[in-house]
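Beneath this line is the structure, given in structure tokens, with notes to follow.
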Amino acid sequence: MRASLRAPVSTLTKTIKRFAMDTPSRRTTLTIALCFIVALIEGFDLQAAGTAAAGLRQTFALDPKMMGWVFSAGIIGLLPGAFFGGWIADRIGRKKILIAAVLLFGVFSLSTAYVSSFSGLLLVRFMTGLGLGAALPNLIALCAEAVGEQRRGTAISIMYAGVPLGGALAAVVAMLFPEHWQTTFIIGGLAPLLVVPLMMVLLPESNAFRQQQNSVNPTRTSTGQALFGEGRASVTLALWLSYFFTLTVMYMLLNWLPSLLLEQGFSKPQAGLVQMLFNIGGALGSLLGGVLLDRCNGIKVVLFVYTGLLAALGGVGLSVGIIPMAIAGFAAGLFVMAAQLVLYALAPPSYPTSVRATGVGAAVAIGRLGSVAGPLAAGQILAAGAGTTGVLLATSPGLVIAALTIISVIARSTSLNVSMNKAKA
């Protein structure tokens, strides 16, 4: 009986695969579509704890300090997840690690709905973060390697647009089920578990990775050599600085924007409106950054995006009415997400295929350090009495450093391409 069932299932699987892999364009579409779905779910799970915070606080009798540990547990898991997820993927494949990562954060997000102790809650949030962290560098690598150089930014931006949209869905679920916080984690856990079989059948492995693995002598390098060897030290350090300072500002805004607005005298509904516009701007910015990078001069794009971000932050600090503040909040979300997408698009081509996921994963991990540093720094600055203006002014030097370092990466890449073209001529 089992044998008779196994045969048609196997035939169906092969048929689906043949149809899905029929043309390169179909492989590309499948890769980006499935990666977008995973990014959507990742965005949902990244925001789940925040949207369910009130229910978690009441159920587990958590004070603010304990609640902070719940948030921190997930963030701490993101760091090793991003680094090791990329490092292992360079050895056994992007698809395998992405599937394992989705399975991991799906299981532990679902488990969050059923834990009964504070220590258990910390454990499942850490493990969820581990899976979420491991997924992102492989999503970036798969999308970057699915298309040609001219469309890389657009492909990554389409994929990453799923993250803010997923966060918005988490907020909607929390509003629909305000008395049942577990529903958020049940949905956030079941969705990835349902997607895993589709990924196993339909998601193609990166052609670049397969070709590298099938070479006569597939490259195996140490982590240090992968990141700093063959003249990559300056590029790696530049990427790390730009990731760190950009994500410092992004997560500072994600965590503190409503509080900063309340301090400036805006009402809670007004602060909520600006936060919503910030997220809408972020979704559009994720598309804008990649599309601009594919169609325009990279250095001009970086100058435009980071100048726009500095101007938007100035608007947030100086606006006194709800309409100008709403515009500033929307612009801040648009430009900070566009800046992040520029970074995500520029990291993959900075490394050869054999170490690409390692390089991207390390940069993402450094960015996660910024995601921890930003909210902490904002809290310290506010505690010192510097106010909203002090917080926003403190971000300016870091953003200037981020812009200059990523420009150096673009300039180096352009110089190398010119040299290679001259050599071919």
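The values are calculated or read from the model by the stated rules, or taken from the named source; none is laboratory data. Bear in mind the structure is a predicted one, so any value in this text is a computation, not a measurement. Backbone-built Cβ (ideal geometry, glycine too); neighbour counts: all protein chains shown.
Observations on the model:
- Odd one out for G120, checked against (1) touching a residue at least 12 places away in the same chain (Cβ under 8 Å); (2) assigned to a helix (DSSP H, G or I): (1)
- Residues (over 23 Å from L254 (Cα atoms) and either surrounded by 23 or more Cβ atoms within 10 Å (Cβ to Cβ) or modelled with pLDDT under 85 (or both)) located in the range 163-188: E179
- Tabulated pairs, the range 88-115, first within 18 Å of E145 (Cβ to Cβ), second buried (at least 18 other Cβ atoms within 10 Å of the Cβ) and of a type in the set (D, E), C-beta under 8 angstrom, 6+ apart or interchain: R94/E145
- Options G129, G120, G188, G166: the member that is outside the structural domain of N279 (by TED's automatic domain parsing) and either under 20 Å from Y243 (Cβ atoms) or touching a Pro at 6+ places or on another chain (Cβ under 9 Å) (or both): G129
- Taking the criterion of being among the β-branched types (V, I, T) and touching a Pro at 6+ places or on another chain (Cβ under 7 Å), the residues of the range 320-376 that qualify are V360, V364.
Okay, residues lined up against (1) at pLDDT 90 or above; (2) buried (at least 24 other Cβ atoms within 10 Å of the Cβ); (3) over 16 Å from E145 (Cβ atoms); (4) in contact with a His (Cβ under 9 Å, 6 or more places away or on another chain):
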position: R27; (1), (2), (3), (4): no, no, no, no
position: C35; (1), (2), (3), (4): yes, yes, no, no
position: L40; (1), (2), (3), (4): yes, no, yes, no
position: A48; (1), (2), (3), (4): no, yes, yes, no
position: G55; (1), (2), (3), (4): no, no, yes, yes
position: D63; (1), (2), (3), (4): no, no, yes, no
position: G68; (1), (2), (3), (4): no, no, yes, no
position: G74; (1), (2), (3), (4): no, yes, yes, no
position: L78; (1), (2), (3), (4): no, yes, yes, no
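- When residues of the range 139-162 are limited to those that are part of a loop (DSSP other than H, G, I, E, B) and among the small types (G, A, S), the one modelled with the highest pLDDT: A161
- In summary, L136 fulfils each of the numbered conditions (1) in a helix (DSSP H, G or I); (2) more than 24 Å from I75 (Cβ to Cβ) with the single exception of condition (2).
- Test result for P348, at pLDDT below 90 and over 26 Å from I75 (Cα atoms): no
- The one condition in (1) polar (S, T, N, Q); (2) surrounded by 14 or more Cβ atoms within 10 Å (Cβ to Cβ); (3) closer than 30 Å to L399 by Cβ that S267 fails to fulfil: (2)
- Hits in the range 70-95 (condition: out of contact with any Asp or Glu (no Cβ under 8 Å at 6 or more places or on another chain) and farther than 19 Å from Q47 by Cβ): P80, F83, F84, G85, G86, W87, I88, A89, D90, R91, I92
- Restricting attention to the range 383-408, the residues being without any contact (Cβ under 8 Å) to a residue 24 or more places away in the chain and more than 18 Å from F304 (Cβ to Cβ) number 7.
- Unique match (being surrounded by fewer than 18 Cβ atoms within 10 Å (Cβ to Cβ), β-branched (V, I, T) and assigned to a helix (DSSP H, G or I)) among V249, V274, V201, V195: V201
- No other residue among V173, V196, V163, V201 is under 22 Å from L288 (Cα atoms), touching a residue at least 24 places away in the same chain (Cβ under 8 Å) and among the aliphatic types (A, V, I, L, M) apart from V163.
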